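Working notes, beginning with the structure itself.
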Amino acid sequence: MNIKVKIDNELKNIEIADNSQAIILLKTLNPENKNRIIAVKINGCACDLSAALNNNDEVEFISFDSKEGKEIYWHSSSHLMAQAVKRLYPNAKLAIGPAIEDGFYYDFDLDKTLTPEDLIAIEKEMKKIVKENIKIERSIRDKNTALDQFKNNNDKYKLELIENFTDNEFSFYRQGEFEDLCRGPHIYSTGMIKHFKLLSVAGAYWRGDSKREMLQRIYGISFPSAEELQDFLHIREEAKKRDHRKLGKQLNLFDFFPEGPGFPFFKPKGMILYNLIVDYIKKILIDAGYLEIKTPLILIEDLWHRSGHWDNYKDNMYFTEIDDRVFAVKPMNCPGCLLVYKSELHSYKELPLKYAELGQVHRHELSGVLNGLFRVRTFTQDDAHIFCMPEQIEDEIIKIIELIKKVYTDFGFTDYKIGLSTKPAKAIGSDEIWNISETALKNALDKLNIKYELNIGDGAFYGPKIDFKVKDSLKREWQCGTIQLDFSMPERFELEYIGRDNAKHRPVMIHRAILGSLERFIGMLIEHYAGALPFWLAPEQIRILPVSDNYNDYAYKVLNILKNNGYRANIDERNESLGKKIRDAQLEKIPYSLILGQKELDSETINYREYGKQEQISIALDKFIEKLKI
């Protein structure tokens, strides 16, 4: 039979025996990356390598190097771990075990509390299962059969899951004596998982509900090669040292208190950093022709029904009552901006009209997912909404992309990936509008000759989007900027402008964020630079260290000169040894420490030490200031 195989984005015809499995086709082709092939797409549907092929099928192999491949590999790894746990603890009850962004986990109901030593024993058992190279097989059962099976085995968590599904058929995956409810796909056999590590164990409420059972969640990671595993573990250890939560305390930038869980408190130094970023972004936007607005934190419930956020976002919103009417604390800035636009009559001559808002938003997040500045319940979004005519879309998208690239470069991020996300399953607007929107974004990217990843079904509910994933110094990816095209909200809010023909027309709306959440971006900066922020971003740029009180007057003279030149400097007047003052300045990652003693007083010089260096350099103060300006 004839199979059409996608190789290097081209379909090639391959002859193969009738009823062959996909794995036979893989062995026939024997590609260089064969050991990294995880699964297969048959006519666009992800399947196991054991899936049977039919004449004229279109086939594309799924590699571990793709997002989809990693998810399948890591989910199969969670099954491997669950099988090992069941062998060691036969009474363990299984909950869920998905792939996550960096690896996998599985939740277990166990009679004992797991320790690090237990994880070592589980790993050892996993290695045995890998050596057994057990084939992973899929089967289908109807709902009643599945329910009976879980009732007989007293699998209450699986039973609850299947009872809540409306499907009439369910897929199961078996590897030896172990079987689990799962939609798949999975790898071909356990022997494909060669290199793995169990990372930690933590408590997790069943279904994220604090009123339900507390389970034990084991986290793990796996890779096709030992080198990838070692690189991951190295980066993980390095990331621990750079943890912005720890450095935020060490550098006295921000904190979290039980009186406001998930709500960050910025301290004076943290506010300096915050305002430096705000001032920078405001200047960039003014130069790019944006107009700044500010909209209220609380807006009436009806508005969120009208915008569509109610149907798609209400579980993440906070509510309050004013004069017996329901209001929502805004989770997004868009509806307020729409009201600002609608409050005036606009002409085509004004378009594109660019409204920017550094708006504070609130989103309800479960306590279990809160993570320093990376996942909070309130943050500032560097939003902008651009209203334009349809013929202006591509030019505006190009300008935004160029603006985003400049901002990232200025902050020291030069490596990033771009993704184009298309219509999701839950969306508003017609197919025609979505097609127009997706084509406009694609054309803009193509004109800039930018490589991008197509993320099918990952668009916002109101329109397709371009996303920027920034890579930090550890090569970790962070979702930051986004450009989202929206024909639907202008329609819902009946926005208009007067065209060249003096008739009323509907504008197109572009949602745009560069940094995303300012709080999250600050956390990224801290970890990217390991707390040693660039000179222009350092809350305290220079610390003056007089050797003793005898040199305080000279220290203040130097301080005033530095401040008059626009530098953020302080004097350490504590009654401590010079060695301790230098160490503390290094711990706080101050870019420059100036040591002042008798020699410096007599010669009217300073002795400076740069962060992270041992060398101390004597120089005239005016020459030091010239150096700072370079």
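The values are calculated or read from the model by the stated rules, or taken from the named source; none is laboratory data. Please read these numbers as outputs of a predicted model, since none were measured by experiment. We place every Cβ from the backbone using ideal geometry, glycine too, and count neighbours over all the protein chains shown. With ligands, DNA and RNA removed, areas are computed over all heavy atoms of the protein, side chains included. Shrake-Rupley method; radii C 1.70, N 1.55, O 1.52, S 1.80 Å.
Please enumerate the residues belonging to segment 72-129 that are in a helix (DSSP H, G or I), under 25 Å from residue 239 (Cα atoms) and among the small types (Gly, Ala, Ser).
77, 78
Out of the helices (runs of 4 or more DSSP H) lying entirely within segment 529-630, which hold 1 or more residues that are under 37 Å from the mean Cα position of the chain (by Cα) and without any contact (Cβ under 8 Å) to a residue 60 or more places away in the chain? Break it down into steps so the answer makes sense when it comes.
Numbers: elements: 552-564, 578-587, 598-603, 621-629.
Those helices (runs of 4 or more DSSP H) span 578-587, 621-629.
Show the residue pairs meeting these rules: Cβ distance below 8 Å; 6+ apart or different chains; first residue within segment 1-29 and in contact (Cβ under 8 Å) with a residue 24 or more places away in the chain and within 21 Å of residue 186 (Cα to Cα); second residue open to solvent by 70 Å² or more (accessible area, probe 1.4 Å) and of a type in the set (A, V, I, L, M, F, W, C).
5/11
With the condition being open to solvent by 50 Å² or more (accessible area, probe 1.4 Å) and either in contact with an Asp or Glu (Cβ under 8 Å, 6 or more places away or on another chain) or more than 25 Å from residue 488 (Cα to Cα) (or both), I'd like the strands (runs of 3 or more DSSP E) fully within segment 279-391 carrying at least 3 qualifying residues.
In segment 279-391, 318-322 are the strands (runs of 3 or more DSSP E) which contain 3 or more residues that are open to solvent by 50 Å² or more (accessible area, probe 1.4 Å) and either in contact with an Asp or Glu (Cβ under 8 Å, 6 or more places away or on another chain) or more than 25 Å from residue 488 (Cα to Cα) (or both).
What strands (runs of 3 or more DSSP E) completely inside segment 445-515 contain at least 2 residues that are buried (at least 23 other Cβ atoms within 10 Å of the Cβ), in contact with a helix residue (DSSP H, G or I) (Cβ under 8 Å, 6 or more places away or on another chain) and in contact (Cβ under 8 Å) with a residue 12 or more places away in the chain?
The strands (runs of 3 or more DSSP E) meeting that bar are 465-471, 477-486.
Quick check on my filter: what residues within segment 240-257 are in contact with a Lys or Arg (Cβ under 9 Å, 6 or more places away or on another chain) and outside any helix (DSSP H, G or I)?
Matches in segment 240-257: 251, 252, 253, 254, 255, 256.
Just to be sure, is residue 526 under 30 Å from residue 363 (Cα atoms), in contact with a Leu (Cβ under 6 Å, 6 or more places away or on another chain) and either of a type in the set (A, V, I, L, M) or exposed (fewer than 13 other Cβ atoms within 10 Å of the Cβ) (or both)?
When the stated conditions are applied, residue 526 passes them.
Residues that are modelled with pLDDT under 90 and under 29 Å from residue 499 (Cα atoms): does segment 462-484 have at least one?
So far as segment 462-484 goes, yes, one or more of its residues are modelled with pLDDT under 90 and under 29 Å from residue 499 (Cα atoms).
Quick check on residue 174: is it without any contact (Cβ under 8 Å) to a residue 12 or more places away in the chain and either closer than 18 Å to residue 67 by Cα or open to solvent by 40 Å² or more (accessible area, probe 1.4 Å) (or both)? Spell out how you get there, then give the answer.
Details: without any contact (Cβ under 8 Å) to a residue 12 or more places away in the chain: no; either closer than 18 Å to residue 67 by Cα or open to solvent by 40 Å² or more (accessible area, probe 1.4 Å) (or both): yes.
Against the criterion (without any contact (Cβ under 8 Å) to a residue 12 or more places away in the chain and either closer than 18 Å to residue 67 by Cα or open to solvent by 40 Å² or more (accessible area, probe 1.4 Å) (or both)), residue 174 does not qualify.
Output the residue which, of all residues in segment 392-430 that are open to solvent by less than 30 Å² (accessible area, probe 1.4 Å), within 19 Å of residue 290 (Cβ to Cβ) and among the β-branched types (Val, Ile, Thr), is modelled with the lowest pLDDT.
393
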